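Right, one structure below, let's go through it.
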Amino acid sequence: MVAKKNLLNIIPALLLMMVLITGPANAAPAGADTEAGDSCAGLPDGATRMVADADGSYADIILICNSGTWEVEDTLQLSSNSDTCTAERAGSLRYNSTVGAAELCDNLEWKLLIGEEDFTDPTPPATDPGYFVLTNDKWYGDIRAVLGDVHSNALEAADQLCLTDLTNNDWKGKADASARGLISAANVKAFLCRNGTCNQAAPNETYYFAVSGDTTAGGASFTTDGSGLGPGNSQNWAGINYFKGFKEYWTGRDNNTDLTWSANNGSGQDRCGYSGFTDSTGATGRTGLTNATDDDRWRARRVPCEDEYKLICFVNP
């Protein structure tokens with residue numbers, strides 16, 4: 001009798017196991033699915049719902065409640081905040097409104113997300129090109145005072161800073177520029193403006209990007225127009241074949257278009273010591289940013305002259 005009783009207890013368990021084993025492999029919850037356009041009345045705007053996707057494409061599976069209707073969310077807007085990057089926030093994103101770029105919380109530090117390099121087919125190398133080089137060092141905005149006011153104006157002082165920096169550091173293309181005698185006071189000029197006067201590139205010439213102190217950066221190029229203006233495109237300068245990361249630099253330069261920098265500094269404001277004064281307290285200067293695709297590359301921010309930023313240097317062919 002004991003054996004028979006144990007057998008009766010085992011049979012239901014075996015039957016349950018058979019049902020589980022022979023049941024459908026892709027079971028789905030029962031009930032009607034929610035679709036874009038359905039009502040979400042009673043829920044606050046911004047509420048989300050993850051829905052099933054019968055066709056297996058995994059598209060449009062997150063809906064957002066907007067004014068009482070479920071909608072497919074095809075954009076993402078990051079908030080701008082000053083929260084500290086902590087271990088709990090690892091992987092979070094925020095928008096840095098100061099520089100106009102997204103940041104990722106990684107290893108207890110907010111890190112800027114930058115554009116990748118241009119993956120278009122490379123063009124044949126130019127014959128006897130010039131170079132467009134970001135300095136290794138950086139300086140405060142009263143450029144003339146940096147060298148003890150020994151130069152008659154800020155452009156001459158900036159040119160000297162560029163020449164010294166490019167002479168003292170290696171960079172991609174330096175061997176070629178040296179062999180052609182281009183690393184000289186006559187050829188190296190700062191990408192800078194003062195009092196309506198700007199250093200310009202040579203007209204109708206190709207310039208290669210480079211970073212002083214980093215031979216792995218640079219290699220992309222642009223070609224100037226008949227007035228020595230460039231770059232003539234909307235490519236950001238943050239890729240490894242440009243200036244390799246988020247960088248900021250003094251320009252004092254005005255805008256011409258989103259594709260081409262200007263030949264002057266417009267209103268003449270925001271020049272810091274470009275005009276030669278030695279006390280920059282309370283004054284501002286104009287900088288450019290690599291992580292942009294418009295005129296922010298040379299006319300992005302007004303910053304205090306006490307801050308320190310890099311320069312870009314023409315190496316004219």
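Per-structure values
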| read-out | value |
| --- | --- |
| Residues with amide H under 5 Å from that of Asp254, placed H, sequence gap 5 or more | Ser262, Asn264, Asn265, Gly266 |
| Under-5 Å amide H pairs with Cys85, H placed in peptide plane, nonlocal only | Trp110 |
| Tensor-based shape of the range 177-255 (alpha-carbon gyration tensor, a/c under 1.5 rounded, otherwise prolate or oblate) | rounded |
| Whole-Hz couplings from phi, Karplus 6.51/-1.76/1.60, listed for the range 296-309; x for Gly and Pro | 5, 5, 9, 8, 9, 9, 9, 10, x, 5, 6, 6, 10, 9 |
| In order through the range 168-177: 3J(HN,Hα) via Karplus (6.51 cos²θ - 1.76 cosθ + 1.60), integer Hz, x for Gly, Pro | 8, 10, 7, 7, 5, x, 5, 4, 5, 4 |
| 14 Å cut-off, amide nitrogen to a point 7 angstrom out along Leu112 Cα→Cβ, residues in the range 208-239 | 236-239 |
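Since every read-out is calculated from the coordinates, none of them should be taken as a lab result. Note that the structure is predicted; figures quoted are calculated from it, not measured. Please note: Cβ atoms are built from the backbone with ideal geometry, for glycine as well, and neighbour counts cover all protein chains shown.
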